[in-house]
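Chemist: Supplied in structure tokens, the structure appears directly below.
Where a number appears in this text, it was derived from the coordinates with a stated rule and is not lab data. Bear in mind that the values here come from a model prediction, so they are computed numbers and not experimental data. In this analysis, Cβ positions are derived from the backbone assuming ideal geometry, glycine residues included, and neighbour counts consider all displayed protein chains.
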Amino acid sequence: MHAASRAALDASRAQLEQHTAGARSRTRGDSLLSLADELFAVAHLLDGQVTLRRALSDPSVRPDDRAGLARRLLSAQVGATALDVVETVARQRWSRPLDLVEATETLATEAALDAADARGELDGVEDELFRFGRIVAADPQLARILGDRSAPRPGKLELLDRLLAGKVSPVTDRLLRNSLTSSHVFNAENEIERLSTVAAHRRGRSVASVISAVPLTEPQQRRLVTALERIYGRTMGLQIQIDPAVLGGLVIRVDDEVIDGSIAHRLEAAGRRLAG
């Protein structure tokens with residue numbers, strides 16, 4: 001997003017936070033999950049209606065008039081809280097209409113994670129997202145289908161229903177169904193990893209994605225976490241993937257930084273030096 005849209009998202013997020021702050025309880029979590037459902041529904045509507053998202057982001061129209069249009073169209077479709085958030089979104093200045101859609105999806109995701117937090121399920125959601133990401137990464141055909149923006153949304157939803165029904169928490173289910181059926185998501189594995197990272201950040205920690213040739217013992221994991229926390233100066237969690245192709249050593253990624261200490265990488269580097 002450009003600067004204007006980032007500022008607009010911050011203002012919309014502040015409005016959402018006025019509604020999501022509160023005590024943790026399952027009842028509170030259920031209410032927030034309903035809010036997330038409504039915001040996701042609005043995002044999908046805007047995603048599919050080019051004329052509508054242009055109207056709600058048209059800078060030549062007064063902000064209150066854009067909010068009024070949102071109210072007239074959606075007041076019978078969503079609750080008062082979701083409507084208030086969407087009106088706030090419509091009042092903002094967006095760099096491009098699609099940013100309004102992505103911002104609404106972002107707010108829906110944050111409401112869903114707020115629901116997980118209120119229900120005491122945030123740890124489990126992060127773990128479920130990571131595990132599903134590994135399933136997708138291991139199945140190229142599944143990754144291709146879920147990342148195909150031209151694939152009909154009902155077909156994707158049917159596939160996800162078979163994969164997820166009864167196997168993950170309601171929050172994880174909502175996050176995956178709505179994110180992976182968005183028309184601007186073209187890499188399913190990356191999108192799932194993004195959701196897992198957002199969930200980890202919500203828990204106040206960063207995630208190190210680790211690829212190892214063999215499983216790491218508990219003491220090895222603790223030593224690795226300690227070393228990474230010392231390097232990055234913040235709480236770290238590990239997401240470990242086993243891949244014999246690395247031969248030995250570790251490949252570690254934290255955000256956009258990759259530390260490749262694998263034997264395979266060192267052999268490849270040695271081969272390049274010999275060839276040169």
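Chemist: Could you work out how far the C-alpha centroid of segment 41-83 sits from that of segment 172-193, in angstrom?
Modeler: If you average the Cα positions of each part, the centres end up 23 Å apart.
Chemist: If you average 1/r over all unlike Cα pairs in segment 66-167 and invert the result, what Kirkwood radius do you get in angstrom?
Modeler: Working: mean 1/r = 0.0608 Å⁻¹.
Computed over Cα pairs of segment 66-167, the Kirkwood hydrodynamic radius comes out at 16.4 Å.
Chemist: Which value, in debye to the nearest 20, gives the size of the charge dipole of segment 121-201 about its Cα centre, when Lys and Arg are +1 and Asp and Glu are -1 at the Cβ? Write out the running numbers ahead of the final one.
Modeler: On the way: 11 positive and 13 negative charges, 69 e Å.
Here segment 121-201 has a charge dipole of around 340 debye.
Chemist: Could you check what % of the DSSP bridge pairs in the chain are antiparallel, to the nearest 5? Write down the numbers at each step before the final one.
Modeler: On the way: 9 of 16 bridges.
Among the beta bridges of the chain, antiparallel pairing accounts for roughly 55 percent.
Chemist: Now for a separate question. At q = 0.09, 0.12, 0.14 Å⁻¹, what log₁₀ I(q)/I(0) does a Debye calculation on the Cα points of the chain give, no solvent, two decimals?
Modeler: Evaluating at q = 0.09, 0.12, 0.14 Å⁻¹ gives log10 I(q)/I(0) of -0.50, -0.83, -1.06.
Chemist: Let's test the formula: R0 of 35 Å, r as the Cβ-Cβ distance of Q18 and V214. What FRET efficiency results, to the nearest 0.05? Could you put the intermediate results ahead of the total?
Modeler: Working: r = 49 Å, r/R0 = 1.39.
Computed FRET efficiency for Q18 and V214: 0.10.
Chemist: Then there's this: About its Cα centre, what dipole magnitude does segment 45-168 give when the only charges are +1 on Lys and Arg Cβ and -1 on Asp and Glu Cβ, stated in debye to the nearest 20? Don't jump to the answer; show the numbers that get you there.
Modeler: Values: 18 positive and 21 negative charges, 127 e Å.
Dipole magnitude for segment 45-168 comes out near 600 debye.
Chemist: Pairing the Cα long axis of helix 26-48 with the longest principal axis of the chain, what angle in degrees results, from 0 to 90 and rounded to the nearest 10?
Modeler: 80 degrees
Chemist: Could you sort 105-112, 150-157, 69-76 so that the peptide with the highest average Cβ count within 10 Å comes first and the rest follow in order? Write down the numbers at each step before the final one.
Modeler: On the way: 105-112: 24.4, 150-157: 12.2, 69-76: 14.6.
Going from most to least packed, we get 105-112, 69-76, 150-157.
Chemist: Let me ask something else about it. Picking from P59, G29, A41, whose Cα lies most toward the positive end of the charge dipole for the chain (charges on Cβ: Lys, Arg +1; Asp, Glu -1)?
Modeler: About the Cα centre, the residue reaching furthest to the positive side is P59.
Chemist: If you take the beta carbon distance between Q241 and H184 as r and set R0 to 22 Å, what does 1/(1 + (r/R0)^6) give as a FRET efficiency, to the nearest 0.05?
Modeler: With R0 = 22 Å, the Cβ-Cβ based efficiency is 0.25.
Chemist: Express the relative contact order of segment 121-201 as a whole percentage, based on alpha carbon pairs under 8 Å and six or more residues apart in sequence.
Modeler: 49 percent
Chemist: With only Lys, Arg, Asp and Glu charged, each at its Cβ (+1 for the first two, -1 for the last two), find how big the charge dipole of the chain is about the Cα centre; round to the nearest 20 debye. Show your work: numbers first, answer last.
Modeler: Details: 37 positive and 38 negative charges, 59 e Å.
Once rounded to the nearest 20, the dipole reads 280 debye.
Chemist: Using R₀ = 35 Å, calculate the FRET efficiency as 1/(1 + (r/R₀)^6) where r is the Cβ-Cβ separation of S150 and A80; round to 0.05.
Modeler: Numbers: r = 36 Å, r/R0 = 1.04.
E between S150 and A80, to the nearest 0.05, is 0.45.
Chemist: Further question on the same structure: Hey, fewest Cβ within 10 Å first, where do H184, H19 land in order? It would help to have the intermediate numbers written out before the result.
Modeler: Working: H184 11, H19 17.
Ranked by crowding around the Cβ, least crowded first: H184, H19.
Chemist: Would you calculate the separation in nanometres between label points at L142 and R253, each defined as 7 Å from the Cα along the Cα-to-beta-carbon direction?
Modeler: 1.8 nm
Chemist: Still on this model: According to a simple spin-label model (label point 7 Å from Cα along Cα-to-Cβ), what is the distance in nm between H2 and R72?
Modeler: Inter-label distance under the simple model: 2.8 nm.
Chemist: What is the spin-label model distance, in nm, from D30 to S60 if the labels are put 7 Å beyond Cα along the C-beta direction?
Modeler: With each label point 7 Å from Cα toward Cβ, the separation is 4.8 nm.
Chemist: If each residue of separation counts as 0.36 nm, what is the full-extension length gain between D161 and T226 once their alpha-carbon separation is subtracted? If you can, show how the numbers build up before the last one.
Modeler: Working: separation 65, 0.36 × 65 = 23.40 nm, distance 3.90 nm.
Full-extension gain reported as 19.5 nm.
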